[in-house]
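Scroll down for the structure; my scribbles are underneath it.
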Amino acid sequence: NGLFILPWVLIYYFYHFIEKSRKQQLDTLQLESLIKELELKTIKGHINPHFIFNALNSIRALVVENPERARAAITELSNILRSSMQIEKVETVPFEKDLDIIKDYLALENMRFEDRLKIEYEIDQDTLNQPVPPMMLQTLVENAIKHGISKQIKGGVVKIISDFKGNFHEMTVQNTGQLNGFNNKEGFGLSSTSDRLNLLYGENAKFEIKQVTPFLVEAKVMLPVLIIKN
């Protein structure tokens, strides 16, 4: 009888051992997922207030000098805030939607800088449906203006490029200016870009910033291409 019972006892303990191991693995995965979600929310929570602060400064600069333009700037800001509220709960949005936010933001900044800011777009229409982390590009544009255009007496150019290169969707922001030792780990805006890409894509996405000519800085995000089925 003992020999008959022993296999069933072994099967019983083996089964519960496997179940316990699977539950521990599941708990670990859930914990890792929760940590990743909290990290992403923390990063997002810093991006929006940072952007709002700079946008409000832009409006404040116009209030006394030109109230009519200030009112127009408030309209631009409300468009941006409405868009940011709509995308707050998602990890990616179509590039076209993110680009609309950029255009509103640059329209607002263009009112502040006037002739000192020239804006150019070079957009491959086929990239508009590609999913991108919301407001990531806006962070790079904001950085280009803060550390590039605003430091140039005569201002300069901000150029937005979106194209496919191999298996990557490349989003590039070029601006007049110099890095002067500034790198992609300095300043919250750029470090948050690296952190978000790492959390969302791991090693499948890349971010770099470099001085391409003596007077031109380029920040580039490379995301894996997603095949969009119609």
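The values are calculated or read from the model by the stated rules, or taken from the named source; none is laboratory data. As the structure is a prediction and not an experimental result, all values here were calculated from the model. Glycine also receives a Cβ, built like all others from the backbone with ideal geometry; neighbour counts cover every protein chain displayed. For the accessible areas, the whole protein counts, side chains as well, though only heavy atoms, and no ligand, DNA or RNA atoms are used. Shrake-Rupley method; radii C 1.70, N 1.55, O 1.52, S 1.80 Å.
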Legend entry - Computed label-point distance, nm, for sites R60 and N180 using a 7 Å Cα→Cβ extension: 2.2
Inset, instruction - Enter the accessible area per residue of the range 89-183 (Å², integer; probe 1.4 Å; all protein chains in place). - result: 45
Legend entry - Percent accessible area from carbon and sulfur atoms, the range 81-147, protein chains only, probe 1.4 Å: 44
Legend entry - Of K118/K206; K165/K220; K118/K210, those spanning more than 19 Å from alpha-carbon to alpha-carbon: K118/K206; K118/K210
Inset, instruction - Taking the Cα centre of the range 67-113 as origin, work out the dipole magnitude from +1 charges on Lys and Arg Cβ and -1 charges on Asp and Glu Cβ, in debye rounded to 20. - result: 200
Legend entry - Mean separation of Cα contacts under 8 Å, 6 or more apart, over the residue count of the range 92-230: relative contact order %: 23
Legend entry - Accessible surface of M111 - all protein chains present, 1.4 Å probe, nearest 10 Å²: 40
Legend entry - Accessible area in the full protein assembly, largest first, 1.4 Å probe, for D195, D124: D195, D124
Inset, instruction - Grab the other residues whose beta carbon is less than 11 angstrom from that of D163, score K and R as +1, D and E as -1, and report the net. - result: -2
Legend entry - Tensor-based shape of the range 79-124 (alpha-carbon gyration tensor, a/c under 1.5 rounded, otherwise prolate or oblate): oblate
Legend entry - Inter-part distance where the range 152-175 and the range 69-115 are each reduced to a Cα centre, Å: 18
Legend entry - Compactness of the range 75-230 as Cα Rg over 2.2 N^0.38 Å, two decimals: 1.01
